[in-house]
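Please treat every number below as a calculation from the coordinates, not as lab data. The structure presented is a predicted model; accordingly, all values stated were derived computationally and were not measured. Here Cβ is always computed from backbone atoms with ideal geometry, including for glycine, and neighbour counts include all displayed protein chains.
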C-alpha cells in the first residue's frame, strides 16, 4: 500500500493517541468495539460489573501491543462511574471518545409479567446510567471543545424488533438523549450519535423463547450480525472521518429494516 494511503487512513480512521471509554466491554458488542478501537491505536478504558471479564479483554489487547485499562464499574452506581472516569484520566491523561454500550436486558419479559422492580432496574441502568457516564466525561471534552460520544441503542427503540417494553423504552430514551446532546454540544464541537443495532450474535441474545434461526428469515443479508459489524460502524462514527456527522442514528442491521 502506498504511504500516502496509509497516512490518509491513519488521519481519518486511526485512533492513535486517543483515549476511549467503552462501557460494558467485557463481552459482546462492547468487547468488539474495545478490540477494534485498540487495534486502531486507541488507549482503551474497559469497564463492566464483572472485573474478570473486562480484565480478560484488556489483557488480550495488551498482548497485541495495545494499551488498555480495566475498571470494575456498574454504570448505575454514580460513585463507581466517578471512579471509572478518574482512573481513565489518571492513566491516560484525557478522554476523547465515549461509547455508552453497557445495558441491562429484560430477556423476553412481557408487560403482563413485568414487575415494577424489573422496570426500574432496566430503565435506571440504560438511561440514568448512560447519563451518569456522559455527564462525568463531558467536562473533559467541553474544556478542549472536541470529542465523540456514541450511544449504543437498539432497533427495538424504533419499533423494528420484538422485545421487552422496559428495554425498548429505555433504548428509545438513549436516542432522545443523543439528539438533545448533539444540539446542546454543537458549540463545543462534540459529536453525539447513536447506533440502533440490529440482531447481533452475543451472549445477551441467547435466552429462552428467542431463536436466531427464526430471525434469519427476516434478515435480507442472510445472517445475524456479529459484534464486529457493530464495532465497524462505531469506529467510523468515532473517527475523524465523521467530524461532520452529529445527531444521527445509524442502523447496522443487514438491511432487515429497509423495505
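Put in line by how crowded their Cβ is, counting other Cβ atoms within 10 Å and starting with the fewest, 226, 185 read 226, 185. Spin-label pair residue 82-residue 143: with each label point 7 Å from Cα along the Cα-Cβ axis, the two points sit 1.7 nm from one another.
With r as the distance between the Cβ atoms of residue 89 and residue 67 and R0 = 22 Å, compute the FRET efficiency 1/(1 + (r/R0)^6) and round to 0.05. That pair, residue 67 with residue 89, gives E of 0.95. Computed extension gain for residue 186 through residue 115, at 0.36 nm per residue and net of the alpha carbon distance, reaches 21.6 nm. Taking a point 7 angstrom from the Cα of residue 169 along the C-beta vector, which residues in segment 119-137 have backbone N less than 12 Å away? In segment 119-137, the label zone of residue 169 (backbone N under 12 Å from the point 7 Å along Cα→Cβ) covers 119-124. When the P(r) is computed for segment 3-250, the part past 30 Å accounts for 22% of the Cα-Cα pairs.
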